[in-house]
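Some notes on the structure that comes next.
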Amino acid sequence: MYGRTACQLVKEFASGDEGQLVSFNSDLFQQVVAECSQHHLELQSLIRKIQEEGLDIQTARNADHYGALIHHLALVRNKRCLMAYVYNRAETIRNLVWKIGHVLPQEIEEKLCHAEEEHFRKHSTALKSYMSKVLVDLTVDMVPPKDPYIKVRVLDDIGDGILLSDDKTANFACHSMHLLKRTDAEQFISRGQMEELTG
Amino acid sequence: MASSSGAEGASLDDYDSLIATTDVELLKRAWRNEKAAPEILRFEFHLISRVKEQIQLMEETVEEKSSGGNNPLSVSLYQMDLDRTLFLLRSYLRIRIQKIEKYMFHILKTEELWNRLSKDEKDFARTCTGDLNRHLEETVLSKLPENYQSVLKQSVISEEDDMVPEPELDTFVLCRSKEYLTGIQLEDGPADDRSKLFEMEPGVLHFICYKSIKALVESGKIDLL
């Protein structure tokens, strides 16, 4: 049936958790694109047929006209599905900049197609250029601050000699605990290298 | 007795109104409105540049106090105040950028919305739209038949742009009026209710369709929560 593959593609995206990505389904994607070309060929041949019969394409209301219309509508629907798939994935990808920063971890990068990686890079650059113009870093301070300092535990061996904003360096050995400025700690927390200790 | 309590009340009122017009408080209002409104609001250009100057001043104060061997508690209080203001500023700019990310095609082609952006936001929106356009073209549109390659239209026979996501202006928002307002036309509800005009007392909370009070939010008469 026309449009079923495209519907599968959209369902695949919609059934995933919000903000989570699955691998780009290029197989299904290609199938829908091929379906579009097929619709277009049939649409054109029907239009040609109407013209050969000497009928006016604007006013003819015969079987061929409605056949052509079905192909046109199926094509438009497929386009909407393809666009929705790519557009919504792109939106999720752009949101990753806010959630995990400008560098994508390996396991997420594997799920993107080449063009999507490119889009992420370009968007991250655009955002950086905006932030450098307004002189404010927007990727820190995601939650309202209660205390300028927070207690954190290091989960990953980040190493020593990390420069903090008060010009002191710290040694973030694995499992060590620190009292840090929230703005200093936030970047490590979003990358999963530290956890905040509450209570 | 009565006169003294009256004076006290007046001075409290003065204090309240003084506090309510500091730039941080104004920023908080702008931030709340921006956060609650479904569409992007006018960029508070003068307010933001004043706040930025104040943040710089506060940073200098903190620096001075902490190097001057002052009481660490007072330094940390200054720092906390600074952090809160910085958070407001960051969050305000961030919400706007995220709205631009979400509705860039719509903002770019609607002049009224476009003029609400700051210069830097315009640059950002332009770059972003270009990037997304290229991305969509590369992955989908270039593979489709010729008449179906527009980003904004489903096909060449669409008369208007019918593929542009727009913000939902029918959503409900919580709001509070600062003064007595009357003659608000409700845009929702049963058709015969719509002709009735709605009034708002100052300080009373209302849960109302954003579309009906859109103009009042824009003119600053109503605050969103």
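In table form, for the structure just shown:
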{"item": "Selected residue (criterion: nearest to A:P145 (Cα to Cα)) from residues of the range A:167-183 that are away from every other protein chain (no Cβ under 14 Å) and among the hydrophobic types (A, V, I, L, M, F, W, C)", "result": "A:M177"}
{"item": "Residues of the range B:45-82 classified as in contact (Cβ under 8 Å) with a residue 24 or more places away in the chain, surrounded by 11 or more Cβ atoms within 10 Å (Cβ to Cβ) and within 27 Å of B:L224 (Cβ to Cβ), total", "result": "8"}
{"item": "Residue identified as exposed (fewer than 13 other Cβ atoms within 10 Å of the Cβ), modelled with pLDDT under 90, under 24 Å from the mean Cα position of the chain (by Cα) and assigned to a helix (DSSP H, G or I) among A:A14, A:A34", "result": "A:A14"}
{"item": "Pairs with Cβ under 6 Å, 6+ apart, first in the range A:43-65 and modelled with pLDDT of 85 or more, second outside any helix (DSSP H, G or I)", "result": "A:I50/A:I57; A:I50/A:A60"}
{"item": "A:H65 being closer than 20 Å to B:K153 by Cα, surrounded by 12 or more Cβ atoms within 10 Å (Cβ to Cβ) and in the same structural domain as A:F120 (by TED's automatic domain parsing)", "result": "no"}
{"item": "Test: A:E91 is within 11 Å of chain B (Cβ to nearest Cβ), under 13 Å from A:L21 (Cα atoms) and of a type in the set (D, E)", "result": "yes"}
{"item": "Positions within the range B:97-109 being crowded, with 20+ Cβ neighbours inside 10 Å and charged (D, E, K, R), in sequence order", "result": "B:K99, B:E101"}
{"item": "Odd one out for B:V151 among (1) in a helix (DSSP H, G or I); (2) over 22 Å from B:K35 (Cα atoms); (3) not small (G, A, S)", "result": "(1)"}
{"item": "Within the range A:114-144, tally of residues that are farther than 17 Å from B:N133 by Cα, more than 8 Å from chain B (Cβ to nearest Cβ) and exposed (fewer than 14 other Cβ atoms within 10 Å of the Cβ)", "result": "2"}
{"item": "Looking only at the range A:145-164, and only at residues there that are within 14 Å of chain B (Cβ to nearest Cβ) and part of a strand (DSSP E or B), the one that is surrounded by the fewest Cβ atoms within 10 Å (Cβ to Cβ)", "result": "A:Y149"}
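Table: residues versus (1) modelled with pLDDT of 90 or more; (2) surrounded by 14 or more Cβ atoms within 10 Å (Cβ to Cβ); (3) under 17 Å from the mean Cα position of the chain (by Cα); (4) within 14 Å of another protein chain (Cβ to nearest Cβ).
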| residue | (1), (2), (3), (4) |
| --- | --- |
| B:E111 | yes, no, no, no |
| B:K119 | yes, no, yes, yes |
| B:D161 | no, yes, no, yes |
| B:L174 | yes, no, yes, no |
| B:Q185 | no, no, no, no |
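The values are calculated or read from the model by the stated rules, or taken from the named source; none is laboratory data. Treat the numbers as computed from the prediction; the structure is a model and nothing was measured. Virtual Cβ from ideal backbone geometry, glycine too; neighbours counted across all protein chains shown.
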